[in-house]
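All remarks here apply to the structure that follows.
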Amino acid sequence: MTITRRTFNATLAFAGLATAAGLTPLRLIGEALAQTAAEIARPSSLGDMALGDPKAAVTIVEYASMTCPHCATFTKEVFPKIKETYVDSGKVRFIFREFPLDLTAAAGSMLARCIADGNADKYFAVVDLLFRQQDIWAVQNPTAPLKRVARQAGMGEQQFETCLKDQKLLDAIKESQDYAVKTLKINSTPTFFVNETLVRGETSFEAFQKIIDPMLKG
């Protein structure tokens, strides 16, 4: 099977953002929001993939595209520190939501969902694998390299084919992205909500600490 515009034609409607992959980080932290906590907390159409205590005082929600290099940098360099310092200790709950900016990113998101099959730990492991090998599979003809990545995660060829033809899965990802655009005003990746505080663009661990720590004291 080849990943083509015909196969993923529905993705072209993904908020009209296919040309936005590679946006320069905006680094807008603490921007005033009209969004409510309830709007931010609304789970994605497929159900949220989350790590950490659901009762944690702080929740971080990340909107990311699997082909976004800044998202990959966050996953490789910043997220492990957040997980070790805050998530594993029960202080922070971390939610990852798909926001594909192009056809290839949509395929990566679909694969992560299919391989994980509802298991959050496995989902985050696959997302980590995809980001770490982004330069290998996020290319003009991604089918073969994506298939190799899928094989590393334990997915057979038939499962791979079936997953990437799953229109309901693609529609659900698109529905969640539409909500994020229209209601939460997401227009680039990565974008984060730390509780109700908006953080746009590639951001250091230290910058996250300055936002998180006062919330934990409060």
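The values are calculated or read from the model by the stated rules, or taken from the named source; none is laboratory data. Everything numeric here is computed off the predicted structure, so don't read it as measured data. When we count neighbours, we look across all protein chains shown, and the Cβ atoms used for this are built from the backbone with ideal geometry, even at glycine. Just so you know, the surface numbers come from the protein's heavy atoms only, side chains and all, with ligands and any DNA or RNA stripped out. Shrake-Rupley method; radii C 1.70, N 1.55, O 1.52, S 1.80 Å.
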>> Looking at segment 127-150 only, could you name the residues that are among the β-branched types (V, I, T) and more than 19 Å from H70 (Cβ to Cβ)?
In response: T143, V149
>> Return the residues of segment 68-79 that are open to solvent by less than 30 Å² (accessible area, probe 1.4 Å) and within 16 Å of V139 (Cα to Cα); say none if nothing qualifies.
In response: C68, A72
>> Of the conditions (1) within 15 Å of the chain's Cα centre (by Cα); (2) modelled with pLDDT under 95, F192 satisfies every one except a single condition; which number is it?
In response: (2)
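A quick yes/no check of all residues on (1) in a helix (DSSP H, G or I); (2) out of contact with any Cys (no Cβ under 7 Å at 6 or more places or on another chain); (3) open to solvent by 50 Å² or more (accessible area, probe 1.4 Å):
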| site | (1), (2), (3) |
| --- | --- |
| K185 | no, yes, yes |
| V199 | no, yes, no |
| E202 | no, yes, yes |
| F208 | yes, yes, no |
| I211 | yes, yes, no |
